[in-house]
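Chemist: Have a look at this one.
Every number here is computed from the coordinates shown, using simple stated rules; none is lab data. In this text, all values refer to a predicted model and were calculated from it rather than measured experimentally. Note that each Cβ is placed from the backbone with ideal geometry, even for glycine, and that neighbours are counted across all protein chains shown.
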Amino acid sequence: MKIIPIASESLGVRSLATYVETEDVKVLIDPGVAIAPKRYGLPPNEIEFEQLRKIREKLNNFAKECDIITISHYHYDHYTPFHDDEYLDSKDYAKTLYKDKILLIKHPTEFINRSQMKRAKVFLENVKNIAKEINYADNKTFRFKNTQIKFSPPFPHGKDAKLGYVLLTTIKDKNFTFLHASDVQGVIFDELKDYIINECPDLIIMSGPPTYLINRFGKENLKKVDENLIDILKNTDAQLILDHHFLRDKNYKEKLSVDFKTIAEYIGEENYLLEAYRKDIKDGKQINFKP
């Protein structure tokens, strides 16, 4: 199995887009990318827009290669909508991105909040005549020869369901099991921890806790995330990659005791935390941070 992370906060954008290739099928998970319209009260700088355009081109190129696209939920950094937005660099890319693809996607009306339900409705109206096939994936398993793509039941987006629900994606071939845990924001709930352990993953890519919003997230929830991640690693042979919301915090390394890598570190690059260090970028050229 070939696993290629495409985008994430450690690569300078908001995303957890990942490409997976087995002998049987090519899969693009959560094909979205974004930058924050505001952080520290500041708009994005040109360095961030440049990185957004660079990653968008990369994402579009991987979309051309894939057979299957999965969408864990309907936040814009996890799928490409059918409208233009400068903070998504979306333009008309969706018309090509989803064309002739098999879509395995979050159910548009069940276990979903109001805003995502509206987005899902618009998305389906636009994609229904473009995609090759559309399947609602919640708690279902799909098989493509020797490759199994399994989706979890809906789990809350973070500490509660106010932001909706997300699906975890497990891809398994003859020799390897990969688990993509999008926007769970760490493992707060024991039910989620048990689900991940039962999947027996070899590699986990997970959205870590949003410690840059610690007062909203809660110190007790952060403690629970740390305990559950330790338990997952004790009970599996998984390598753990934490990124996304977690890497919006300059001091993320100090927040958990568990052993993990960022996506940038996993692919052998330096961390490039553009949002976390937005106010440290000077004159659109200089960036002052320690990766």
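Chemist: Kindly state, to the nearest 0.05, the FRET efficiency for I214 paired with E191, given R0 = 22 Å and r defined as their beta-carbon distance. List each step's numbers first, then the result.
Modeler: Values: r = 23 Å, r/R0 = 1.07.
Working from the Cβ atoms, E equals 0.40.
Chemist: Using Cα pairs closer than 8 Å and at least 6 residues apart in sequence, work out the relative contact order for segment 8-119, in percent.
Modeler: Working: 192 pairs, mean separation 29.3, N = 112.
With pairs under 8 Å counted, the relative contact order is 26 percent.
Chemist: Follow-up. Based on the Cβ-Cβ distance from K162 to E23, what FRET efficiency comes out when R0 is 45 Å, to the nearest 0.05?
Modeler: Details: r = 41 Å, r/R0 = 0.91.
Given R0 = 45 Å and the Cβ-Cβ separation, E is 0.65.
Chemist: Just to confirm my numbers, what's the Cα centroid distance between segment 58-113 and segment 142-197 in Å?
Modeler: That distance is 18 Å.
Chemist: Would you compute the Debye intensity of segment 1-116 from its alpha-carbon atoms alone, equal scatterers and no solvent, and pass along log10 I(q)/I(0) at q = 0.12, 0.13 Å⁻¹ to two decimals?
Modeler: Evaluating at q = 0.12, 0.13 Å⁻¹ gives log10 I(q)/I(0) of -0.42, -0.49.
Chemist: Still on this model: Please report the orientation-averaged projected area of the chain, defined via the convex hull of its C-alpha atoms, in nm². Kindly include the intermediate steps, with their values, before the conclusion.
Modeler: Details: hull surface 55.5 nm².
Averaging across all directions leaves 13.9 nm² for the Cα convex hull.
Chemist: Just subtract the alpha-carbon distance of N139 and N61 from 0.36 nm times their residue separation and send over the number in nm, one decimal. Walk me through the intermediate numbers first.
Modeler: On the way: separation 78, 0.36 × 78 = 28.08 nm, distance 2.93 nm.
Stretched out fully, the N139 to N61 stretch lengthens by 25.1 nm.
Chemist: What does the charge dipole of segment 116-225 about its Cα centre add up to, to the nearest 20 debye, if the Cβ of each Lys and Arg holds +1 and the Cβ of each Asp and Glu holds -1?
Modeler: Details: 18 positive and 12 negative charges, 59 e Å.
Here the size comes out at about 280 debye.
Chemist: Now, a different point. So, R0 is 45 Å and r is the distance between the beta-carbons of Q239 and D100; what FRET efficiency does that work out to, to 0.05? Intermediate values should be presented prior to the final figure.
Modeler: Numbers: r = 34 Å, r/R0 = 0.75.
About 0.85, to the nearest 0.05.
Chemist: A further question follows. Search the structure for amide H atoms under 5 Å from the amide H of V166, placed 1.01 Å from N in the peptide plane, and list their residues when 5 or more places away or on another chain.
Modeler: Under 5 Å from the amide H of V166: F155, H157.
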